[in-house]
Amino acid sequence: MSAPSPVAYNAALSDENHQEELSPDCQRSSLPRLVNRRVLTTFSVAAVCYFNVSGGPIGSSQIFSSGGPLLGMIALAIFPFIYCIPLALITAELSTTYPENGGFTVWVYQAFGPFWGFQEGVWAWVSGAIDNAIYPGLTVQLLATYSENIDTGFKGWCIKVAVALFYALPNILGIRLVGWGMVALAFIVLIPFIIYSIWAYIVADDWGQLHQVLHNNTTPTDVGSGITAIQWSQLVNTLFWNYNGFANASVFGGEVANPSKTYPRALLICTVAVMLTYFFPLTASAVYNNPTWQTWDDEAFSTLAQNLGGDFLLALITIATVASNWGQYSSQMFVVSYQLTGMAESGLAPKIFLKRAERTDVPYMSVALSILVIIILVGFEFDVVVNMTNAVSSMTIIVLLVAAIKLRITHPHIHRPYMVPVSTWVLALLLIIPVCMLCYIVYTVFILPSFVPGVLVGSVVILSALCAIALKITPKHFVDPKVTTSIA
């Protein structure tokens with residue numbers, strides 16, 4: 001069993017009831033991390049988490065089109081309770097227990113040792129870095145509807161790189177700018193969709209669509225009445241894509257002010273905001289129903305907005321979409337950068353990623369690597385890769401959920417400023433359905449018509465394991481730098 005990280009007790013330093021439990025060595029090793037670094041407040045953390053999980057309704061329309069509005073509403077009502085809320089509660093408990101950069105990588109390291117901590121970190125970083133390369137392309141694709149041929153060839157690649165660098169500016173200029181920038185972008189995303197939803201409800205005259213499901217004889221103009229033909233794989237993957245990311249809030253734990261109170265509040269705000277983000281725009285679209293829900297794809301909201309409110313409403317939704325892409329890109333870069341920095345702080349990545357800018361305190365080497373990966377990948381098509389990243393991301397969540405249960409058992413006395421108010425066994429039961437769903441997502445990547453996603457997943461797993469062995473990140477050879485520091 002690995003020794004608890006000294007930094008895990010940062011939150012206890014501010015609690016007089018627990019301060020006497022810490023040894024002077026442990027306090028000394030923790031205090032430097034508190035100086036001028038914990039600057040993210042509740043709304044900043046909630047906004048960063050919101051863009052990691054959702055970023056707005058864009059991309060959620062297939063929750064309805066893959067099974068019908070009735071099934072979509074049932075999924076929207078149930079999914080947060082069987083997946084989002086348990087994961088948010090786990091994140092709140094362990095983020096306040098281990099308020100360190102690296103987040104769930106640290107949890108897995110404490111539960112299963114350095115080898116599995118490294119696997120968790122690499123899987124999460126690979127998945128996040130590849131996902132992040134999508135957003136500049138989506139923005140340029142959107143702009144191409146107003147100016148043809150700007151998204152093709154070398155010119156298209158240059159524009160995507162320019163968008164990627166522009167979107168990265170908050171991450172380059174400072175942590176506070178990322179936090180408050182995400183708050184501002186959240187309002188820019190949500191206000192147009194509030195206007196859209198109210199407008200659609202007012203003019204709606206097809207409320208019966210909320211009772212419809214997809215049939216095997218459904219056409220774009222007729223719901224049909226045959227056998228139900230739910231596209232379960234598409235539904236589950238769309239739900240996962242639009243609700244995944246709560247654990248990412250833990251990754252920048254070393255930058256969060258008063259984490260014992262900030263994390264539970266921020267995760268509650270984020271959970272409620274995400275649930276409302278999907279419910280109102282999707283139900284409003286279904287009762288307006290032009291175009292019909294059977295035809296909805298990822299660009300459905302733009303078409304719906306233009307049909308509903310002409311160029312004015314389309315312009316608002318376009319602005320919201322660009323803001324959503326920017327927010328998801330910047331927040332994801334923030335997460336993958338601090339994932340790498342947190343791994344370096346735990347000895348799971350090279351020390352070069354510990355370097356920070358003197359004026360802004362930004363981990364510039366971690367940010368630079370993230371930008372470099374995006375520039376390399378930004379020109380690729382991601383239809384196949386997205387399935388791979390969903391599977392790899394699912395694997396990281398399965399491991400962190402198992403680690404959460406193990407830490408309850410093996411570290412029962414460690415100070416937990418916030419604790420999920422159920423017993424370990426009840427918590428384990430609550431996690432059965434999420435784990436089964438995540439296993440299903442991993443399974444689906446291996447039964448796709450194309451074998452490429454499955455090969456990519458296998459390659460990531462094998463290469464990550466070989467890297468750990470080559471870097472001697474194994475129980476036999478690994479030395480925790482935090483433990484070494486506290487002893488020195």
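Anything in the stretch 330-339 that is in contact with a strand residue (DSSP E or B) (Cβ under 9 Å, 6 or more places away or on another chain) and of a type outside the set (V, I, T)? List them, or say none. Those that are in contact with a strand residue (DSSP E or B) (Cβ under 9 Å, 6 or more places away or on another chain) and of a type outside the set (V, I, T): F334, S337, Y338, Q339.
Each row is one residue, and each column tells you yes or no for (1) buried (at least 24 other Cβ atoms within 10 Å of the Cβ); (2) over 30 Å from C467 (Cα atoms); (3) of a type in the set (D, E, K, R).
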| site | (1), (2), (3) |
| --- | --- |
| N307 | no, yes, no |
| L313 | no, yes, no |
| V335 | yes, no, no |
| K351 | no, no, yes |
| R356 | no, no, yes |
| R359 | no, yes, yes |
| L369 | no, no, no |
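Scan the stretch 377-387 and give yes if some residue there is closer than 26 Å to F79 by Cα, surrounded by fewer than 18 Cβ atoms within 10 Å (Cβ to Cβ) and modelled with pLDDT of 95 or more, otherwise no. Checked the stretch 377-387: no residue is closer than 26 Å to F79 by Cα, surrounded by fewer than 18 Cβ atoms within 10 Å (Cβ to Cβ) and modelled with pLDDT of 95 or more.
On the given criteria, is A229 aliphatic (A, V, I, L, M), farther than 30 Å from A46 by Cβ and at pLDDT below 90? So A229 passes the test.
The values are calculated or read from the model by the stated rules, or taken from the named source; none is laboratory data. The structure presented is a predicted model; accordingly, all values stated were derived computationally and were not measured. Counting neighbours? That spans all protein chains shown, and the Cβs are built from the backbone with ideal geometry, glycine included.
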